[in-house]
C-alpha cells in the first residue's frame, strides 16, 4: 500500500525513490507500492534538495534481481507468506518519469526555510516559479503521486480567473486546469480517433471559453453538432448544445444558405454569399474537390481580367456552354453569351474554359451563393463576433467537403481581414483592442493538409494570426494529414487515443520528450482520457476529461454566479 | 541472566570458539544462542554452529559389534575422554545491556563458561538494531549457513512470539532476502531451509 | 635413510625360507605334542608323578604346567547361562625417572574400572596417581630401575583391586592385565622382597573378600603345557619352539577352556595356600581365527568350580564386546584410563617445574643429549 506522509498542508503518497536517470534518458523510480497503484501518465513529484521536480510517468517496467526469481513460481516450493516476502524484495517495478518542470521549494530545515522565505519577501531573491528541468534530483529522492496542491501549483487553481478545469488527474482526481488566457494566445488542437470524445471535449472547451468570456468563438459546425441539442450517437442521451446552454444573446446559430434549417430549427440568421465574395483563389482551393485542371488558374485570371474581381463569377455563371448561333451563311459559331465565345475573345483555350465552366456547375448550383444577397451576412457574423457574441455556423444540408472548404475558407478570409484591420487600427491607437477570436475547425485536415494548406487562410492564421488576435482550434482525427508547419504552430494540444503511429508522431511533433510520450498516447483509454501537451500547458499531463453532462452545466452556471463555490466545482469534476 | 552452563571454552579466535562439554548434560541444539562472559561488563553472543563428537579406535570397533550392552554405550558416552565439542560462531556482544552486532572486542579465554541464552536475552539481542548480526551467519563458509539460520530463526521466533513479537520473523526474513537477493541459488537455499518456520504447525497462533 | 635395504634384501629372502622350515618343524612337533596330550589324559596319575619328578630334579627350576585335579585333555564348553557378577579391572602406567629430563620424576598411575553387566549403568572409574616414594617415605627424586618401578606399578594394580569393597551377594571378578605371577625369577634385594610381600598380601586380600582375581594374558608365548608334555614323555622328545597357544588353538573350540594346570616356576613356591597359582587356556577366537589366551588364577579360585565357571563366562562375554579382536573390554578400558600420554607427562613436568621455580628451587634442566633427541624433524614450508 502506498504510505501517506504528512507533509505541509496535504497528504503526499510516497510511491518510490529515484534510482537512476538523466535529463536525456528520463528518471527511473523504483516503486515501493504495488505496480497497479500507478499508471502510465501519472503526475509525479520528486522532492530533492529544496526542489520539487514535476514529471509524468511514461513507462512502467517489471524487473527482478535475477530472472529466475521472475520465471519460477516460488509458491511451488515456499509457503505463500515467505514467497510473498521474497517477491517483495526480488521482483520490483520501475517507473520511468519524464521530468518536465522544477520548482524551488526552499530548504527543509525550519530555520533555513524561514531565511529563504524572508529573502523572497524582501525581494532579495526572485519568487520561485516552475521552470523547465535543468538539473536532476538526487539518488533515492522520494517520489510521490502529485497532491492537489502540486497540480494547482503547476496548472493553476480552478477558482483563479482564466483557469478552466478541463478534467482531473486519473489517480487522485485532482482538478487540472487550462489557462484560457494562454490557450487563446496560440492556435490549439483537439485530436483523437473517431469515438474518443473529441466533440464532447470541444464542447467542454468551447463552453469554457464562452463562459469565461475570454474570446469570441466561431465554430464551423460541419455536422451540426454544437449549436443545438443533439443526441449522443453511442448512448442516445440528449446532449445540450451551446446555444441551448448560453442562450441567443451569447451564442448565435448561423445557417448556410437562404432557407437553411438545422434539424428542423431555424437559425438565428442565414449566411449567403454574393458571387462577388468569391475570388479565383477560392476556386483554386477546390481543385481536388472539383477535379480542376492545371489550366484553371489561367482561365480564372482571364475571367478576372475580362469581368473584374467582383463580377467574374457571376459573368461566368451567366455564360452558356455550347450555345451557338448561325450566321448568314448558315455557319454555326459560338453565341456571344457562350463560354466558347468568351474564350475565343479572351484568347483562352476554349476547351479549358468549357471544362472549368462545366466543373464549376456544382458551385453555381449552391443556393448560398447568389448575385445579390438580401443582407450582408458575412458582415453580420463579423459584427457579432466583434461584439463578443459567439457564432456556430451550421452547414445544414451542405455537408460536402466542397461546401466546407469553400465556405470556411471564404468566411475565414473575411474575418481575418477584419481582425487585421482592427488590430492595425488598435496599434495605431484609433480603436480599442480587438476581441480575441477562436475559430473552431472540425475535420481540419481537409483545410490544412499539405496540398492546400498554403492556399487557405487557416494556415496563415495558424502561423501568424495570434498577432492579430485570431487563433484556430483545430479538431481532427487524422493529425498526420495536417501540414507539419501548421501542427508545429499549435500551442495547446489535447489528444485522446490515437491508433495510427503517424498520427501520434504528428501530435508530438516539435515537443520535448516525444519518445516517452508516444507510448502513452498509444495506450490512452479510448474514452475520456486525454493527454494535454504543448506550449499552452506547463507540462504534459494525462487527465480524465470532464463529462459533458448535467453536472458540467451546473458547475458552469455556478461559476457564473458571483459567489463562485470552488469546492463544489471541484467536487463536480468527479465522474461520479 | 543466563546461568545454565553448557560447556567451557577450549579455544577461540575473533570469529568463534570451541567449547567442550560432557554428554551427561543436555546438549544444546544446533543453532541455539549462547553467551560467554568476557568480563564483568561484557559478554559475547554466538550460535552453536557445529557439534563434534569424535570417534576413536575403540568406538569404531564397538560400532562393528552386535548388541552393545547399555552399560558399554554409557561408558563410552560418559566416561571415556571424548568430550563433545561445540563450535560457536560469534554474532555480537553486549556491553552492560547495550547490544552490538559487531564481533566481540576480544575472544573469551580458555575454560571460560559458556551459557545457554534465556528467551529474554534472545529477544534483547535479536530485537536490537536491524539484523546486522545476520551477516555473520550468512557469510559463514564452513558450515551450512541455511540450516544454521533456520535453526536460529526457529529459536528466536519462538522467543519473540512468547514476548508478543509475532512480526519479528517476517522482518528477519526480509533482512535475509535483502542480503541475498542478488544471489539466486543462495537465497533459494536459505528460504527453503526457513520454509518450515512458516508451516502451520510452527505458527500455532495462526499468524503470518 | 637409516636402514640399508640393499643389505637387507637377501636376508629377507633367507628369513622367509627359514620361517617356512620352522613352520614345517612346528607342524611335526605339534603332532607329537597332541599325541602326548591325549596320552596324559589316559594315565593321569602316573604321568603327573613323572612330571613332578622331572621338575623337582631340574636345576634351575624350569617353568611348566603340572596336571591338576582336572584331566589334562579335558575341555570345558562355555557355561550355558550367563551368570550375574560384578566386574573389576585395573591397569597401571608409570613415568620412570630419567636423568635426562629437566626434573627426575617417578609416577605410578593406576586405574580401576568397575561395573555390573546387564545393569545398564555406566562403569565407575577410579584413577590413582602417586609419585613414587622411597624407603624414608619421601618422594623419590633419584634414579630408579625400571624393574622396581614396574614392580611398584604391579603392586598398585592389585592394591586398587584389593581396596574394592564387593557388593554382598554378587560375585566380583577382579581382572588384571598379564600374569598374576609377579616375576619369574626370585629377587634378592630387600626392596623387591617388601613389594613382593605386599603384592601377595593384596592378592590374599582379594581372595579373602571373596573376589575372583585373575590375570589375563592375551598373547601367551609360553610353553608351560608343552614343557609339561615333554616331561610326560617316556623318551626324550624335543618340542622346543612350540607354544601352548598353538596347541590349544588346535584343541579348543570357540568358548572352550582347557583343564586347569598348576603353575610350576622358579618363584612358584612363594605362592602358597590359596594364593598358589593355577592357569587354564581359553579360546576367545572363532573357528576361522582361533585365539587362545592364558588365564592365571589363585588356588582360592581354581578350587571353586563355580567361580571358575563365572570367570570363564565373564571373560567370553567381555571379549565378545570387542568384536573380531577379542579382548576383555573392561581391561581395555582400564588401560585406556591408566595410560599416561606423552603430552600429559610434559604437562605434569611443566606444572612441577613452574611450582619449583616459584619457590626458587633450581631446576637442573634437560640433558643436551635429550634436547638433541627432541629436535624437531624436518618441516615443510606452509605446514
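A compact table of results
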read-out	value
All positions within the stretch C:308-345 that are within 13 Å of another protein chain (Cβ to nearest Cβ) and buried (at least 23 other Cβ atoms within 10 Å of the Cβ)	C:314, C:318, C:319, C:326, C:328, C:329, C:330, C:331, C:333, C:334, C:337, C:338
The stretch B:155-168 - residue that is part of a helix (DSSP H, G or I) and under 13 Å from residue B:126 (Cα atoms) and, of those, farthest from the other protein chains (Cβ to nearest Cβ)	B:159
Those residues of the stretch B:23-63 which are surrounded by fewer than 12 Cβ atoms within 10 Å (Cβ to Cβ), within 14 Å of another protein chain (Cβ to nearest Cβ) and modelled with pLDDT under 80, in sequence order	B:24
The stretch C:134-175 - residue that is part of a strand (DSSP E or B) and within 25 Å of the chain's Cα centre (by Cα) and, of those, surrounded by the most Cβ atoms within 10 Å (Cβ to Cβ)	C:174
Flag if residue B:171 is within 30 Å of residue A:67 (Cα to Cα), under 19 Å from the mean Cα position of the chain (by Cα) and more than 9 Å from chain A (Cβ to nearest Cβ)	no
Condition met for residue A:268 (closer than 30 Å to residue A:390 by Cα and in contact with a helix residue (DSSP H, G or I) (Cβ under 9 Å, 6 or more places away or on another chain))	yes
Failed condition for residue B:176, given (1) more than 14 Å from every other protein chain (Cβ to nearest Cβ); (2) closer than 22 Å to residue B:29 by Cβ	(1)
Hits in the stretch A:258-292 (condition: at pLDDT 85 or above, surrounded by 15 or more Cβ atoms within 10 Å (Cβ to Cβ) and not in a helix (DSSP H, G or I))	A:267, A:268, A:269, A:270, A:271, A:272, A:273, A:274, A:278, A:279, A:286, A:292
Checklist (1) out of contact with any helix residue (DSSP H, G or I) (no Cβ under 9 Å at 6 or more places or on another chain); (2) closer than 23 Å to residue C:93 by Cβ; (3) touching a residue at least 60 places away in the same chain (Cβ under 8 Å) applied to residue C:337, failing item	(1)
Residue in the stretch B:143-154 that is in a loop (DSSP other than H, G, I, E, B), within 16 Å of the chain's Cα centre (by Cα) and touching a residue at least 60 places away in the same chain (Cβ under 8 Å) present	yes
Residues being facing another protein chain (nearest Cβ under 10 Å), closer than 15 Å to residue B:150 by Cα and either surrounded by fewer than 18 Cβ atoms within 10 Å (Cβ to Cβ) or modelled with pLDDT under 90 (or both) - total across the stretch B:179-196	3
Set C:93, C:111, C:129: member being within 25 Å of residue C:193 (Cα to Cα), in a strand (DSSP E or B) and within 14 Å of chain B (Cβ to nearest Cβ)	C:111
Flag for residue B:201 being out of contact with any helix residue (DSSP H, G or I) (no Cβ under 7 Å at 6 or more places or on another chain) and either within 14 Å of chain A (Cβ to nearest Cβ) or closer than 28 Å to residue B:97 by Cβ (or both)	yes
Hits in the stretch A:459-488 - residues which are in contact with a strand residue (DSSP E or B) (Cβ under 6 Å, 6 or more places away or on another chain), part of a helix (DSSP H, G or I) and surrounded by 23 or more Cβ atoms within 10 Å (Cβ to Cβ)	A:461, A:462, A:479
Spans of helices (runs of 4 or more DSSP H) in the stretch A:318-399 with at least 3 residues surrounded by fewer than 18 Cβ atoms within 10 Å (Cβ to Cβ) and free of Cβ contacts under 8 Å to residues at least 40 places away in the same chain	A:350-359
The stretch C:355-370: number of residues that are in a helix (DSSP H, G or I) and either surrounded by 11 or more Cβ atoms within 10 Å (Cβ to Cβ) or in contact with a helix residue (DSSP H, G or I) (Cβ under 6 Å, 6 or more places away or on another chain) (or both)	3
Count - residues of the stretch A:433-450 that are in contact with a helix residue (DSSP H, G or I) (Cβ under 7 Å, 6 or more places away or on another chain), outside any helix (DSSP H, G or I) and farther than 22 Å from residue A:378 by Cβ	2
Hey, residue A:97 in contact with a strand residue (DSSP E or B) (Cβ under 6 Å, 6 or more places away or on another chain) and under 23 Å from residue B:177 (Cβ atoms) or not	no
Members of the stretch B:68-86 found to be more than 9 Å from chain C (Cβ to nearest Cβ) and either assigned to a loop (DSSP other than H, G, I, E, B) or buried (at least 20 other Cβ atoms within 10 Å of the Cβ) (or both), listed by number	B:82, B:83, B:86
Selection from the stretch B:87-104 of residues that are part of a loop (DSSP other than H, G, I, E, B) and at pLDDT 95 or above	B:101, B:102, B:103, B:104
Options A:492, A:460, A:423, A:456: the member that is at pLDDT 90 or above and over 15 Å from the mean Cα position of the chain (by Cα)	A:423
Criterion (under 15 Å from the mean Cα position of the chain (by Cα) and not in a helix (DSSP H, G or I)) met by exactly one of A:185, A:160	A:185
Qualifying residue in the stretch A:421-432 (condition: within 23 Å of residue A:189 (Cα to Cα), touching a helix residue (DSSP H, G or I) at 6+ places or on another chain (Cβ under 7 Å) and in contact (Cβ under 8 Å) with a residue 12 or more places away in the chain)	no
Subset of the stretch C:75-89 (residues that are out of contact with any strand residue (DSSP E or B) (no Cβ under 7 Å at 6 or more places or on another chain) and either closer than 22 Å to residue C:286 by Cβ or assigned to a strand (DSSP E or B) (or both))	C:77, C:78, C:79, C:80, C:81, C:82
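The values are calculated or read from the model by the stated rules, or taken from the named source; none is laboratory data. Values in this document were obtained by computation on a predicted structure and should not be read as measured data. Methodologically, a virtual Cβ is constructed for each residue, glycine included, from the backbone with ideal geometry; neighbour enumeration extends over all protein chains shown.
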